[in-house]
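The values are calculated or read from the model by the stated rules, or taken from the named source; none is laboratory data. Small disclaimer: the values here were computed from a predicted structure and weren't measured. Positions of Cβ are backbone-derived with ideal geometry, glycine not excepted, and every protein chain shown enters the neighbour counts. Just the protein is used for accessible areas: all its heavy atoms, side chains included, with ligands, DNA and RNA removed. Shrake-Rupley method; radii C 1.70, N 1.55, O 1.52, S 1.80 Å.
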Amino acid sequence: MAERLSALAETYQRGDLGAARGDGPGIIIAERRPLAMVQVAALSGAAVAVRAGIAAALGLTMAARPNLAAHKDGVTILWVGPDRWLVVEPERPGRELGARLNKALASTPATLTDLSHGRTVFRIAGCSGRDLLAKGCGVDFHPRAFPVGSCVQSLLGHVGALLHAVDEAPSFDLNVARSYALTVWEWLTESATEYGCRIKTAIS
């Protein structure tokens, strides 16, 4: 499978931005690609059956409660709405995420939407990551309010975004529509300069 061209192909550059810090950059940004992303929506009150089907296909059980993500062996399942989840994993040859989910949910009332081509995901890490996101989003990013495993859909500036607290580093994934990728990139790099920012090679 040919790798998709990043929405940031003409602007994404590795390097350091902002003032140098003795303890290293406060913000580290990397685009995550290539990723396979499929949104699954349960129909007709079939949420329990759909969750079971996804678990059987991926070996990962998602939380039933809202605004939580589950992660195992590179696969992440994010709650994105009532009876609706986004499944994300690194894209690999011979491992078709959509096909596996379609097979597992063939007899279950559910709709599947491949969003792989329509999203851009940024991994934001560093000691100032929470401060950076708080500059553009109304979510409370304090660890007590937004601990590891939390996910939420909100606005970053005027752009709709799905945010996920990945680990204690802290690291966050910021998932936005591809058409807004450049807008978000410009906001991130400009807003991160006060903390010292390092742009890294894209990761999956």
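None of Val152, Val176 is within 24 Å of Pro34 (Cα to Cα), open to solvent by less than 10 Å² (accessible area, probe 1.4 Å) and of a type in the set (Val, Ile, Thr) except Val176. You will find that of Ala99, Ala169, Ala165, the residue that is assigned to a loop (DSSP other than H, G, I, E, B) and either open to solvent by 10 Å² or more (accessible area, probe 1.4 Å) or in contact with a Ser or Thr (Cβ under 9 Å, 6 or more places away or on another chain) (or both) is Ala169 and no other. Output yes when any residue across the stretch 130-153 is in a strand (DSSP E or B), in contact with a helix residue (DSSP H, G or I) (Cβ under 9 Å, 6 or more places away or on another chain) and farther than 22 Å from Glu194 by Cα, and no when none is. No, because not a single residue in the stretch 130-153 is in a strand (DSSP E or B), in contact with a helix residue (DSSP H, G or I) (Cβ under 9 Å, 6 or more places away or on another chain) and farther than 22 Å from Glu194 by Cα.
If I filter the stretch 21-44 for residues that are part of a loop (DSSP other than H, G, I, E, B), of a type in the set (A, V, I, L, M, F, W, C) and touching a Ser or Thr at 6+ places or on another chain (Cβ under 6 Å), do I get at least one hit? No; the residues of the stretch 21-44 include none that is part of a loop (DSSP other than H, G, I, E, B), of a type in the set (A, V, I, L, M, F, W, C) and touching a Ser or Thr at 6+ places or on another chain (Cβ under 6 Å).
Tell me yes or no: at least one residue of the stretch 183-196 is farther than 15 Å from Ile27 by Cβ, buried (at least 21 other Cβ atoms within 10 Å of the Cβ) and not aliphatic (A, V, I, L, M). First the steps, then the outcome.
If we filter the stretch 183-196 for residues that are farther than 15 Å from Ile27 by Cβ, which is where we start, we get 183.
Checking which are buried (at least 21 other Cβ atoms within 10 Å of the Cβ) leaves us with none.
No - not one qualifying residue is present in the stretch 183-196.
Name the single residue that is most open to solvent (accessible area, probe 1.4 Å) among those in the stretch 1-30 being in contact with a Phe, Trp or Tyr (Cβ under 8 Å, 6 or more places away or on another chain) and of a type in the set (S, T, N, Q). Among residues in the stretch 1-30 that are in contact with a Phe, Trp or Tyr (Cβ under 8 Å, 6 or more places away or on another chain) and of a type in the set (S, T, N, Q), the one most open to solvent (accessible area, probe 1.4 Å) is Thr11.
For the stretch 190-204, what are the residues that are under 19 Å from Leu156 (Cα atoms) and not β-branched (Val, Ile, Thr)? Walk me through how you get there before you give the answer.
Going through the stretch 190-204, the residues under 19 Å from Leu156 (Cα atoms) turn out to be 190-195, 197.
Answer for the stretch 190-204, where residues must be under 19 Å from Leu156 (Cα atoms) and not β-branched (Val, Ile, Thr): Glu190, Ser191, Ala192, Glu194, Tyr195, Cys197.
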